[in-house]
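The values are calculated or read from the model by the stated rules, or taken from the named source; none is laboratory data. A quick note: this is a predicted structure, and the numbers were derived from the prediction, not measured. In this analysis, Cβ positions are derived from the backbone assuming ideal geometry, glycine residues included, and neighbour counts consider all displayed protein chains.
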Amino acid sequence: MYSVLLEDRSQHLGEELQGYWDQEVKRAQKDAREPSLVKAIIKCYWKSYLIWGMFTFLEEGTRVVQPIFLGKMVSYVENYHLSDSAALHEAYGCAAGLSACVLVWAVLHHLYFYHIQRVGMRLRVAVCRMIYRKVTMFLHYLWVGPLQAVAVTALLWMEIGVSCLAGMAVLIILLLLQSCFGKLFSSLWSKTAALTDKRIRTMSEVITGIRTIKMNAWEKSFIDCITRLRSKEISKILKSSYLRGMNLASFFTVSKIMIFVTFITNELLDNRITASQVFVVMTLFEALRFSSTLYFPVAIEKVSEAVVSLRRIKVW
């Protein structure tokens, strides 16, 4: 096996985060408040994390620009004239621009996830496995997703006018529901963690006093007690799984619903729509599919879990 890089070694990472944590503890004592582990983590990793946030911004920006090039190419095919060399050169330029955007997106997408997982690995080593992949991987989509939605709305307005607001209204309703799900998920995760701790503590006590339990024939009582605790824990886990399933279901359905509602509204307003507009609208809504309907709700879910985990680790 290859040797671990110096900057990735547990001793280096642990001492680095410990230094920021010690500073936070001293500052908290001076300000007469509780120390915040979140602040220590932010101060330790914000520089590298901000850089990859800019890469995410550029990556999603290329997804927004792609439909514009695609729309111009389709428009050229619709209005094709053999003698119009300027339009031909513009179509070539749009094709080159579209290819460049796809290439840049592919490079930045994998580059971002590679380095952000490396940041997550370092954070896991420095703190613990519970925080890994919960704080780092999708956190940037909490601001990139809404920002991309605003940009897409502006482009849709230029393409089809007021009809785009109907489709975006569906997205806004979904985001509000996902915010509610995030709060509910955080509450369920806190209760699940408390029940898990209680069950593990009870199991440890049973194992420690197993001789006394056997001598007094208390097995049935303790089995019932542990079963009740496990049933409550499973109930909370099931509710969390249902919420996670609803968030994932929105990823597969919401873009189709948005497109359907937009075109129905456009038809009711008696607006004419061209083939190029159809392609542009569908591509723009598809661009929102990952950032706003998959990564954004996952970010809410993971941040909720991370907040609960950080509180428990800080208390420990």
request  = For residue 257, indicate whether it is in the same structural domain as residue 147 (by TED's automatic domain parsing), surrounded by 14 or more Cβ atoms within 10 Å (Cβ to Cβ) and part of a loop (DSSP other than H, G, I, E, B).
outcome  = no
Checking 13, 37, 17, 6 in turn, the sole residue that is farther than 30 Å from residue 154 by Cα, loosely packed, with under 11 Cβ neighbours inside 10 Å and touching a helix residue (DSSP H, G or I) at 6+ places or on another chain (Cβ under 9 Å) turns out to be 6
Answer yes or no: is there a residue in segment 222-237 that is hydrophobic (A, V, I, L, M, F, W, C), under 18 Å from the mean Cα position of the chain (by Cα), within 30 Å of residue 289 (Cβ to Cβ) and in a helix (DSSP H, G or I). no
Counting only residues that are of a type in the set (Asp, Glu) and either farther than 30 Å from residue 188 by Cβ or in contact with an Asp or Glu (Cβ under 8 Å, 6 or more places away or on another chain) (or both), segment 201-241 contains a total of 1
In the set 186, 221, the lone residue that is over 30 Å from residue 39 (Cβ atoms) and polar (S, T, N, Q) is 221
Counting only residues that are closer than 30 Å to residue 251 by Cβ, among the hydrophobic types (A, V, I, L, M, F, W, C) and at pLDDT below 85, segment 189-229 contains a total of 2
Notebook entry, point to check: Can you find a residue in segment 183-196 that is over 20 Å from residue 245 (Cα atoms), more than 22 Å from the chain's Cα centre (by Cα) and charged (D, E, K, R)?
Noted result: no
State whether the residues of segment 265-283 include one that is closer than 23 Å to residue 148 by Cα, exposed (fewer than 15 other Cβ atoms within 10 Å of the Cβ), more than 15 Å from the chain's Cα centre (by Cα) and at pLDDT 75 or above.
-> no
If you go through 246, 215, the only one that is over 22 Å from residue 166 (Cβ atoms), loosely packed, with under 15 Cβ neighbours inside 10 Å and in contact (Cβ under 8 Å) with a residue 24 or more places away in the chain is 246
When every residue in segment 162-171 that is out of contact with any Phe, Trp or Tyr (no Cβ under 6 Å at 6 or more places or on another chain) and at pLDDT 85 or above is compared, the one surrounded by the fewest Cβ atoms within 10 Å (Cβ to Cβ) is 162
Screening 106, 86, 151 for residues that are modelled with pLDDT of 85 or more, over 30 Å from residue 270 (Cα atoms) and either outside any loop (DSSP other than H, G, I, E, B) or of a type outside the set (S, T, N, Q) (or both) leaves only 106
Pairing a residue in segment 267-295 that is assigned by TED's automatic domain parsing to the domain that holds residue 109 and without any contact (Cβ under 8 Å) to a residue 60 or more places away in the chain with any residue that is buried (at least 18 other Cβ atoms within 10 Å of the Cβ) and aromatic (Phe, Trp, Tyr), where Cβ atoms lie under 9 Å and the two sit 6 or more apart in sequence or on different chains, gives none
